[in-house]
Amino acid sequence: MSTSDAVAAQSATIPTATEATTRPPVAKKVPTDRTHHGDTFVDNYEWLREKENPEVVAHLNAEQAYTDAVTADQETLRDDIFNEIKNRTQETDLSVPSRKDGWWYYGRMVEGQSYGIQCRVAAESTGGLADWTPPVIEPGVDVPGEQVLLDCNAEAEGKPFFSLGGASVTRDGNLYAYAADFAGDELFTIRIKDLRTGELLPETIENVFYGLTFSPDGSTLYYMLADDSWRPHQVKSHILGTPVESDKVLYQEDDVAMWTGFELSADRSHLVIGIGCSEFSETRMLDFAAPEKGLQLLIPRTAEILYDAEPFLQDGVEKVLLTHDRDAVNSMISVVDAAEFGKPVAEQHWDTVVPHDDSVRINGATVTATHMVVSLRKDTIERIQVTALEGLGTPGQSAAVEPVFDEELYTASMGGSEYESPLIRLIYTSDFTPPRVYDYVLPLAGADGELLLRKETPVLGGYNASDYVAERVWATADDGTQVPLSVLRRANLPRDGANAGVVYGYGSYEVSMDPGFSVARLSLLDRGVVFVVAHVRGGGEMGRHWYENGKKLNKKNTFTDFVTATNWLAASGWVDPARIAAMGGSAGGLLMGAVANLAPEKYAAIVAQVPFVDALTTILDPELPLSALEWEEWGNPITDPEVYKYMKDYTPYENVRPVAYPKIAAVTSFNDTRVLYVEPAKWVQELRAVSTGTEPIVLKIEMDGGHGGASGRYEGWKTRAWDYAFLADALGATQLR
C-alpha cells in the first residue's frame, strides 16, 4: 500500500454501546492492489488481516457487540434450543470399552462437566470371545480398579480453550502420551504420564500437529510438526529420557502442495508415513524389526497413483494391501509381495483382491489377523465388507461378507479393533437412529458374521424415531444431472406448502454428508422445519466422478446443484418458497457465499460457518496457512490464468453485487488456522457496503475458539443453538409444533 493510499484511507466507524443496536461497525477502507495475470483487484479490507493490530481487535469486538444487539431478541429461543439439546442428552455417560493389549479403555462424561475423562480397567483373559466382550460399566458408578488416564476437565481448568489432539499408550501399558491445544490454533503440547506413579515425565514437546504414537517397544515417541503455513511436513522421533532438542527428523516433506501423516500398521510391525494430495500419493514405511534399513519407499509419487498401504504377513510372506486408483477411478484393492516394490512400477505384479466397479467407491482397507476389512460406498451409503485373508488374491478367495442392517439410509463405519481380535468394532447411525456400537464377529469359512449390539446412545425426553421421516429424493440439475437429497421432517408435518425449510450443503474434498443422528437438529424439525441435505457435486456421495465434477474448473457445479436442491424444496409442496434458509460451514461456507451471490432472492436467511469466502486471495498466497495444499482442490491460480479467471468469477468476496441480500450470519473464530477470521470479516463489510437490501448482516466471532468454535460440549451446544435460533427466527419457525 502506498503512502497516499494510507492517507486517503477512510477511518473506521465503530459504534458506541448505545449505537450498536442500530448501526453496524464500518471498517476503514485501505485500498490494496492485488495483481495477477494482468488483472488488478482492489481490496479495501485486507488490512483486517493484521491480527495483532489493536484496531482490528477493537473492530472485531464491535462486530460482536453489534451481533449481540441485533440478535438480542433471539436469546429466549437460544436458551430454549440449548435446553432442548441438554434435556435430550444423557450427560453422565461413557463410551463402550475397547480392548488394547491387557486393558479396556473408555471415556466418561459427567453431568456439569464440559470435557471427557479417559479411563481404563484391567482385562482378564480366559479364552475365546469372552476376552473381547466389554465389561459392563454403568454411567456414574464407581468401578473397582478403574484408573484415570486423563481428566480433561482438570487440564482445561483456567484455560480459555481446550482440545485433545491425540493420545497413545505403550504396549506394556505403563506410559500415556497426550497432546493438548489450549488456544484453538491446532498446535498441541505433548506430555507423557507414567501410569504406574501418576507423575508426568519431564519431557514437554511444544507446537506439534495432530498425530503421535509410541514404537512397539515403548522407547520412542513419534510425532508430527507443521511448517509456518500449518502444513504437516515433519515426522520426528523422540527417544524417552533424552532432551527434546535432540529429537531427530525421520521424514521431511518439502513440497508445499503435499500433506504428510503417519500411523502404525494394523499389526504394529511398521510405522506407515503417507504423503499426498487429492490426486496422487506415496507411502514410506519403517520396519520396526529392521529399523537400520530406514524408511522404505513403496510407489513413488512420480507414478501419479493415489494409494494407501497396509503391510501384513500372509503364510509367512510380507505382503502389502494396496487401495489404489491405478486404472480404477473409483479405486480397487490389490495384494502385492513386499519384494515387488524394489522394481519399477510397470514391472511389479499386483494380484487383484477387489476389482474396480463404476458403481462402488472403495474408501480404504485394513486387516486383522484373519480378515481384510474394506470400507466402501455403494448407492451413496458408506458400508463395511470383510473377506478372509486365507487365499486372498487367488482364484479361491472367499466371498466378501457384509453386515446387514434394516434401514435404507444409514452409515456404517469402522470404530477400531485389535489386530488379534476375532471381531471388529462398528459404528452405525442414521438420521433418526442414535449412534449404535456393534461388535461384528468375523465370519468363519462359509458362515455369516454376527452383529452384537453393545450400546445405542440414549436420547432422553421421550424421543421416538417413528416421529420423524428421512427420505431420499433426486433433483434434476440444469445439465440433467440427478442430485441426491436427504429430506428430513416430522412424520406428522402437513404437506400444505406453508412450512419453513433449511438446505444444508458442503460439496468439497470428496467429503460426503452421510446420514447421521443429531440431537440439535431435532429442535428445528420440531418447529416444523423441513431439513434438506443437498449431496452436491464436489462431495463423495456418488463416487470419484461426483467429486471430480465439482472441483477445479467444474467447481460451479457445486453451487448450481445447491440452487437445484433449493428449487426442488420450493416446488415440493412441503414449504413456503419464501421461508427457505441455507447453511454450510468451511468449504460449505464458500458454498453459502456463492449461492448468496448467485440466487439471493431464494433465501430468507443464510448461516455461513467459518466460511472460506475469500478463497482466491488465500490460495494466491502460498505463505498463508494451508494455501498451497488447496491447489489440487481448486486449481493453482498463481500459474494458471484460466484457473484465476474461473475462481475470480465465483469467489464470494469478489462477487458481491448490488442486490438485496437476505439475513446473513457469518460465524467465525479468532484463532481459526484453517479459514482465517479475516475472510468473513472482509466479506461482511463488503456485503453491507454493496447490498441494496435492509436485512441485517452480522459477524459472530468467538475470540477464544478455533475452526470448530469454542471448546467444551456446553459451549458447542450454545453455538449450535445460536445458529439454529438465527435460522428459526428468520423463518418464523420459533414455536414448537
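Here are some notes:
- Some residue of region 680-692 being part of a loop (DSSP other than H, G, I, E, B) and more than 21 Å from the chain's Cα centre (by Cα): yes
- Taking the listed residues Glu292, Glu318, Glu310, Glu340, the one that is surrounded by fewer than 14 Cβ atoms within 10 Å (Cβ to Cβ) and either among the charged types (D, E, K, R) or part of a strand (DSSP E or B) (or both) is Glu292, with no other qualifying.
- Every listed requirement among (1) modelled with pLDDT of 95 or more; (2) crowded, with 16+ Cβ neighbours inside 10 Å is met by Ala183 save one, (1).
- Residue in region 97-115 that is more than 28 Å from Thr213 (Cβ to Cβ), among the aliphatic types (A, V, I, L, M) and either surrounded by 19 or more Cβ atoms within 10 Å (Cβ to Cβ) or within 26 Å of the chain's Cα centre (by Cα) (or both) present: yes
- When Gly550, Gly528, Gly516 are checked against the criterion of being within 30 Å of Asp325 (Cα to Cα), surrounded by 20 or more Cβ atoms within 10 Å (Cβ to Cβ) and of a type in the set (Gly, Ala, Ser), Gly550 stands alone in meeting it.
- Of all positions in region 235-258, none carries a residue that is under 22 Å from the mean Cα position of the chain (by Cα), of a type outside the set (Ser, Thr, Tyr), farther than 15 Å from Pro291 by Cβ and not in a loop (DSSP other than H, G, I, E, B).
- Taking residues in region 367-380 that are over 16 Å from Gly449 (Cα atoms), and partners anywhere that are of a type in the set (Lys, Arg), the pairs with Cβ atoms closer than 9 Å and at least 6 places apart or on different chains are Ser375/Arg383; Leu376/Arg361; Leu376/Arg383; Arg377/Arg361; Arg377/Arg383; Lys378/Arg361; Thr380/Arg472.
- In region 488-516, the residues that are touching a Leu at 6+ places or on another chain (Cβ under 8 Å), among the aliphatic types (A, V, I, L, M) and under 15 Å from Ala582 (Cβ atoms): Ala500, Val502, Val503
- Selection of region 610-634 for residues being touching an Asp or Glu at 6+ places or on another chain (Cβ under 8 Å) and either in a loop (DSSP other than H, G, I, E, B) or free of Cβ contacts under 8 Å to residues at least 12 places away in the same chain (or both) yields Val610, Pro611, Phe612, Val613, Asp614, Glu623, Ser627.
- Evaluation of Gln482 against (1) touching a residue at least 24 places away in the same chain (Cβ under 8 Å); (2) under 30 Å from Glu642 (Cβ atoms) (one fails), failing number: (1)
- Residue list for region 360-394, restricted to those being farther than 24 Å from Pro515 by Cα, part of a strand (DSSP E or B) and of a type in the set (Val, Ile, Thr): Val367, Thr387
- Residue in region 139-148 that is among the aliphatic types (A, V, I, L, M), farther than 15 Å from Thr213 by Cβ and modelled with pLDDT of 95 or more present: yes
- Scope region 593-609; condition more than 25 Å from Lys552 (Cβ to Cβ), touching a Ser or Thr at 6+ places or on another chain (Cβ under 9 Å) and not in a helix (DSSP H, G or I); matching residues: Tyr603
- Lone unmet requirement of (1) part of a loop (DSSP other than H, G, I, E, B); (2) modelled with pLDDT of 95 or more; (3) polar (S, T, N, Q) for Gln397: (2)
- Test result for Thr719, β-branched (Val, Ile, Thr) and either farther than 23 Å from Pro622 by Cβ or crowded, with 21+ Cβ neighbours inside 10 Å (or both): yes
- When Ser229 is tested against (1) out of contact with any Gly (no Cβ under 7 Å at 6 or more places or on another chain); (2) of a type in the set (Ser, Thr, Tyr); (3) at pLDDT 95 or above; (4) surrounded by 15 or more Cβ atoms within 10 Å (Cβ to Cβ), just one condition goes unmet, and that condition is (3).
- Of the helices (runs of 4 or more DSSP H) lying entirely inside region 488-592, the ones with 2 or more residues being polar (S, T, N, Q) are found at 556-571.
- Residue check for Thr457: surrounded by 19 or more Cβ atoms within 10 Å (Cβ to Cβ) and among the β-branched types (Val, Ile, Thr): no
- Taking residues in region 320-331 that are touching a residue at least 60 places away in the same chain (Cβ under 8 Å) and under 22 Å from Met285 (Cα atoms), and partners anywhere that are basic (Lys, Arg) and surrounded by 18 or more Cβ atoms within 10 Å (Cβ to Cβ), the pairs with Cβ atoms closer than 9 Å and at least 6 places apart or on different chains are Asp325/Arg544; Ser331/Arg361; Ser331/Arg544.
- Listed here are the helices (runs of 4 or more DSSP H) enclosed by region 3-98 that have at least 1 residues being of a type outside the set (Phe, Trp, Tyr) and modelled with pLDDT of 95 or more: 54-70, 75-88.
- Residue check for Asp672: of a type in the set (D, E, K, R), at pLDDT below 95, surrounded by 19 or more Cβ atoms within 10 Å (Cβ to Cβ) and outside any helix (DSSP H, G or I): yes
- Any pair with Cβ under 7 angstrom, 6 or more apart, that starts in region 118-141 at a residue that is in a helix (DSSP H, G or I) and ends at one that is not aliphatic (A, V, I, L, M): Leu129/Pro422; Asp131/Ser125; Trp132/Arg99; Trp132/Ser421; Trp132/Pro422
The values are calculated or read from the model by the stated rules, or taken from the named source; none is laboratory data. Just so we're clear, the structure is a prediction, and the values are computed from it rather than from any experiment. Cβ: placed from backbone, ideal geometry, glycine included. Neighbour counts: every protein chain shown.
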